[in-house]
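Visitor: Here it is, the structure in full.
The values are calculated or read from the model by the stated rules, or taken from the named source; none is laboratory data. Fair warning: this is a prediction, and the values are worked out from it, not measured in the lab. Cβ: placed from backbone, ideal geometry, glycine included. Neighbour counts: every protein chain shown. When the accessible area is computed, the model is the full protein with side chains, heavy atoms only, and any ligands, DNA or RNA have been set aside. Shrake-Rupley method; radii C 1.70, N 1.55, O 1.52, S 1.80 Å.
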Amino acid sequence: MKKMRKIFKNTISAALLSGMTLLVSCTDFLTIYPANDIIHENFWQTVDDVNGMMATGYLQLLSKDAVERMVVWGELRGDNMCVRKSSSNITYKYIVEGNLRDDNSYCNWAVFYRAINYANLVLEFAPLVVERDPNFTQGDCDIVMGEMYALRAMAHFYLVRTFRDIPLSYKASLNDSDLGTYPQVHPCVALDSIMNDLDRADALVMRTGGFPNSVNSDFNYSRITRDAVRAMKTDVNLWRAAFATYYQGTDSVQVGNPDDYYRMAIACSDSVMNSYMSRIRKFYDENKIKVEAGPGTDNPYYLAQNIVSKLEPKYSTVYDNFFGSGKDITGSFFIAERGEILFELKFDETKNVNSAISGLYGNSKDGLGTMCVNKNYVKDSKDNIYKESDLRVYSYTNIDELGSNNSSGVSEASDEVGIAKYVYKTSPAFTGDARTKDNFDANWVIYRLTDVMLMKAEALAHLSTSTREDLDEAYHIVKAVNNRSLTYAADSLRITDYTSSDDVAKLVLDERVRELAFEGKRWYDLVRVALRDKSTANILFVADKVEGASSAVRKKMQSIHTIFFPIAESEMNVNSLLVQNPAYETSSSIEQN
């Protein structure tokens, strides 16, 4: 009983302190329940009790611990990001250099299991409130349940991509420090289970754009809606295909046909893309906006387009809309909705500051963050990932000129190129309009439209039965994403350069790092490459960023096991059912070097 009281006391405290705007009503939510009275029989009485617990589930993902891990797990080991030379954080450097041990703090997965547990609590107890509070209908309950199925799926999905062999938690614990003892499952089994949760969520969550402005239009982006669920399903199916390819022909578990998963990814992405185009066409019609978009135009997918300024040719209005303040160069708000954002973690300037990204990427007070741009990512060569006229390189990084080592903005005194994405309120980076440390309000994007489009292109390119028509469609998706950031037509992609499925697959991979850099995606993309290849050979180039030690890092990355994190020593000590990743079975006794 004491454990039960503890979790509910912690839940209310966390939700009250957050200042988060997830809740539709806050009348009863602002009542502080005495700890001695908080037992599950009398806590779950009103809609506000449900909303408070749901909000706290989301809050776990907005915490500094969670967002830092989304970056470190999904981006740091990739080729576009480095740790600053002057950084004293040896933990990050060990990760980059392949000196991973099970006592590294980023092997701790507790925050994601806490999010899972709050989701489990809502799923278990929210139906009781339908009978107790007439203001909480079955329809209201269905929406909340759908969001919690999806949140649980997303947390498990982060874990399986990072650790591979993970325990699945589907039973609520009444103490967030004692979340149960469960065995690990095979990653293919985990992904199937995650998909089951997403299928349940798909049938229950609010349709995208369904939250009315009179309630809180931010809910359409900061709460999980149908298109966000289908974006996750697209992503999960790509991973099912990758793992199925890797485990084909082994006796470890029965795996499905990768092509079936790719086709499901294509179907889910089509649903998201069609939903977006339907909503944006409606928006244009209702506001009597004339646009050149749709099939047969240079903008077939109705993507938001950059408004090129003669005063500042490197200025990206698209950056401002998604990562900045939402204002154009004159200070006026755009006449457009943020419909390309499918799901993001919402932060504000006071009570819920994004301290994780402020510390990792930088802010106006401290300058450059712990992380910086790998200069190879913006090098001057024929193989450069960006074209010179690509606005993204000047919005996502602090580079002054492509190919130079000159940067400005918050990294003015450094020869290291800073990460500008999320840091700046206005594009381009060198306007100096960086967010302040104490008011860092950048939302962290989990899924957006171009991510889903490029996932579809990836699936089309990797189908074993890909036709010329499939490859052409994948190419045109990439071209649409690429074109909106180019200010020089001669830099546009040419279809004649991409004649095979391998060519198109490489094109998609390159466009994903151009478009989604520093959003926690790159390393996960490379892990899928390794799984499909059943080898790390084609991702070893990430070691080139480690000056003076690249050959040592390459050697450490020879085994496929090393691309996943070890399980924390602390977790191994409390859960006797866990089995350590074989690459790290004796890691605690290995001397760091």
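Visitor: Excluding the sites themselves, what is the longest stretch of the chain that contains no trypsin sites (Lys or Arg not before Pro) in a DSSP loop with at most 14 other C-beta atoms within 10 Å?
Guide: Formally, the longest exposed-site-free interval is 383-493.
Visitor: For the range 512-593, state which GluC sites (Glu not before Pro) are in a DSSP loop and have at most 15 other beta carbons lying within 10 Å of their beta carbon.
Guide: For GluC sites (Glu not before Pro) across the range 512-593 that sit outside H, G, I, E and B with at most 15 neighbouring Cβ atoms in 10 Å, the list reads 547, 585, 591.
Visitor: By a straight-distance test (C-alpha under 15 Å), which aspartates and glutamates pair with residue 171 as possible cross-link partners, with residues fewer than eight away in the same chain excluded?
Guide: 124, 197
Visitor: Okay, moving on. Report, by chain and number, residues whose modeled amide H sits under 5 Å from the one on residue 343, excluding near sequence neighbours (fewer than 5 apart, same chain).
Guide: Amide H neighbours of residue 343: 446, 447.
Visitor: Using modelled backbone amide H atoms (1.01 Å from N, in-plane), which distant-in-sequence or interchain residues come within less than 5 Å of residue 166's amide H?
Guide: Counting only residues 5 or more places away or on other chains, the set is 185.
Visitor: Give me the accessible area of residue 323, 1.4 Å probe, in Å² rounded to the nearest 10.
Guide: The value for residue 323 is about 10 Å².
Visitor: Tell me, what is the per residue accessible area of the range 435-557 in Å², probe radius 1.4 Å?
Guide: Averaged over the residues of the range 435-557, the accessible area is 36 Å².
Visitor: Next question, about the same structure. Going through the cross-link list 351/456; 93/365; 310/425; 233/351; 425/479; 93/421, which pairs have a Cα-Cα distance over 30 Å in this structure?
Guide: Listed pairs above 30 Å: 351/456; 233/351.
Visitor: DSSP loop (so not H, G, I, E, B), at most 12 other Cβ within 10 Å: list which GluC sites (Glu not before Pro) in the range 105-172 pass both filters.
Guide: For GluC sites (Glu not before Pro) across the range 105-172 that sit outside H, G, I, E and B with at most 12 neighbouring Cβ atoms in 10 Å, the list is empty.
Visitor: Would you mind computing, in nm to one decimal, how far apart the modelled labels at residue 577 and residue 349 are, each placed 7 Å from Cα along Cα→Cβ?
Guide: 4.9 nm
Visitor: Follow-up question, since we're still on this one. Not counting ligands, DNA or RNA, and with a 1.4 Å probe, what is residue 465's accessible surface area in Å² rounded to the nearest 10?
Guide: 80 Å²
Visitor: Moving on to the next point. Averaged per residue, what accessible surface does the range 71-184 expose to a 1.4 Å probe, in Å²?
Guide: 32 Å²
Visitor: Carbon and sulfur atoms: what percent of the 1.4 Å accessible area of the chain do they account for?
Guide: Taking all protein chains in place, the chain shows 49 percent carbon and sulfur surface.
Visitor: Residues with beta-carbon under 11 Å from that of residue 107, excluding residue 107: net charge, scoring Lys, Arg +1 and Asp, Glu -1?
Guide: -2
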